[in-house]
1. Any residue at all in segment 287-296 that is among the polar types (S, T, N, Q) and closer than 30 Å to A17 by Cα?
2. Which of (1) aromatic (F, W, Y); (2) touching a helix residue (DSSP H, G or I) at 6+ places or on another chain (Cβ under 6 Å); (3) assigned to a loop (DSSP other than H, G, I, E, B) is the odd one out, the single condition Y238 does not satisfy?
3. Which number in (1) within 21 Å of the chain's Cα centre (by Cα); (2) surrounded by 15 or more Cβ atoms within 10 Å (Cβ to Cβ); (3) modelled with pLDDT of 95 or more marks the one condition that R126 misses?
4. Could you check segment 1-72 for helices (runs of 4 or more DSSP H) lying wholly inside it with 1 or more residues that are of a type in the set (F, W, Y) and either within 26 Å of R308 (Cβ to Cβ) or in contact (Cβ under 8 Å) with a residue 12 or more places away in the chain (or both)?
5. Cβ contacts < 7 Å: first residue at positive phi, restricted to segment 339-351; second residue hydroxyl-bearing (S, T, Y) and modelled with pLDDT of 95 or more, any location; separation 6+ or different chain. Result?
6. Is it true that L276 is hydrophobic (A, V, I, L, M, F, W, C), outside any strand (DSSP E or B) and in contact with a helix residue (DSSP H, G or I) (Cβ under 8 Å, 6 or more places away or on another chain)?
Amino acid sequence: MARVAAGIGTSHSPMFALPADLWERYASRDHLNEELIFPPHGWNLSYDEALASVPDEIRQRPRTVEASTQQAGLCNAALDQLAETLRSVRPDVTVIISDDQDEWFFEDNMPMFSVYWGETVPMRPRKHSKGHDPEITKLIADGYGDVPLDVPVRADLGRHLIEFLADQDFDVAHFNYCAQQHGGRITRRLPREHGEVQLDRVTPVREQALPHGFAFVIKRLCGNVPVPIVPVFQNTCYPPNAVRPGRAHDFGRALAEAVAAWEADVTVALVASGGLSHFVVDEEIDRQLLDALRKKDEKALRGLPRHRLLSGTSESLNWIALGGAMGATDLEMELVDYVPVYRSAVGTGGGWAFARWI
């Protein structure tokens with residue numbers, strides 16, 4: 001029978017592809033970001049609106065090259081440790097749980113859960129614009145894949161996951177090939193104190209291969225030499241059918257049970273890619289999640305407040321799914337590092353986290 005041999009949770013920020021002396025330049029456009037969600041209420045505010053109410057402790061966070069250098073060093077050391085963990089475990093298959101953001105899924109088709117089970121999945125160097133900051137956009141694009149690959153997929157496991165999940169009353173979409181060109185419209189629906197703001201984004205049809213959350217794992221943790229994978233998608237970002245914390249937990253647990261029920265003598269690593277809090281740092285919810293994962297506290301994981309898991313922070317739901325999966329095993333969590341990075345006076349940035357279960 002198959003066995004879950006390891007779990008890994010990793011953030012996948014574009015910042016990891018940049019040298020520390022470029023972090024300030026990268027942050028220079030945060031004041032234009034319309035998708036900022038601020039704790040504790042989970043309301044969307046503009047940068048200027050937030051500036052009028054942000055606590056002094058946030059304003060006074062160090063945002064120097066020296067601080068960025070230290071934080072970048074911690075993040076890269078943690079990523080190196082996770083990569084070494086994968087190498088040492090040597091799984092036969094890596095199941096990656098992540099999300100899609102304007103890459104393969106748009107409002108013409110946005111499943112809550114989906115599993116890819118083709119024989120291979122394309123990964124291609126990303127196009128980078130020559131607009132705002134060509135140097136930074138090229139480095140970020142390369143960070144999510146800089147060589148063309150046809151990544152092997154364990155299709156038989158993918159099909160088994162789909163059928164097992166269906167038996168457990170999960171309505172899972174499936175696909176086993178992808179078009180070369182993708183594009184469409186997405187609406188981000190974000191709560192305000194009074195009402196909701198709807199932000200439409202149209203992505204022109206363009207070449208798009210493996211989405212960023214999966215490509216990051218292949219590039220950064222696997223060194224572009226992956227074992228066969230199975231990509232598992234959750235819609236974390238886009239209401240109205242964004243996955244809820246309890247459902248994400250149960251989905252992850254069912255994934256682990258599906259692996260254990262697979263009649264193949266193989267080892268499987270489960271990887272959650274994304275999060276934690278961003279585009280505004282929310283250390284409180286990050287630490288609640290990490291504590292619940294460490295304790296395998298099912299009630300706490302299922303009960304994390306949805307209004308604190310919006311915008312980029314919604315990727316924490318991938319970690320909740322991983323927590324559900326690890327709760328079905330005897331593997332224990334080790335927090336490799338948690339690095340909250342505040343890159344502006346209103347607390348934009350991210351809570352970057354790295355953990356493993358071995």
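The values are calculated or read from the model by the stated rules, or taken from the named source; none is laboratory data. This structure is a prediction, so every number in the text was calculated from the model and none was measured. Every residue, glycine among them, receives a Cβ derived from its backbone with ideal geometry; neighbour counts consider all protein chains shown.
1. Yes, the conditions are met somewhere in segment 287-296.
2. (2)
3. Among (1) within 21 Å of the chain's Cα centre (by Cα); (2) surrounded by 15 or more Cβ atoms within 10 Å (Cβ to Cβ); (3) modelled with pLDDT of 95 or more, R126 violates only (3).
4. 23-27, 47-51
5. Matching pairs, first to second residue: G349/Y342.
6. yes
One line per residue, one yes/no per condition, for (1) surrounded by fewer than 16 Cβ atoms within 10 Å (Cβ to Cβ); (2) charged (D, E, K, R); (3) touching a Lys or Arg at 6+ places or on another chain (Cβ under 9 Å):
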site: L190; (1), (2), (3): no, no, no
site: L210; (1), (2), (3): no, no, yes
site: I218; (1), (2), (3): no, no, no
site: Y238; (1), (2), (3): no, no, yes
site: R244; (1), (2), (3): no, yes, yes
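Conditions tested, residue by residue: (1) within 18 Å of L276 (Cα to Cα); (2) at pLDDT below 95; (3) in contact with a Cys (Cβ under 8 Å, 6 or more places away or on another chain).
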position	(1), (2), (3)
P14	yes, no, no
Y26	no, no, no
E34	no, no, no
E57	no, yes, no
R61	no, yes, no
V93	no, no, no
I97	yes, no, no
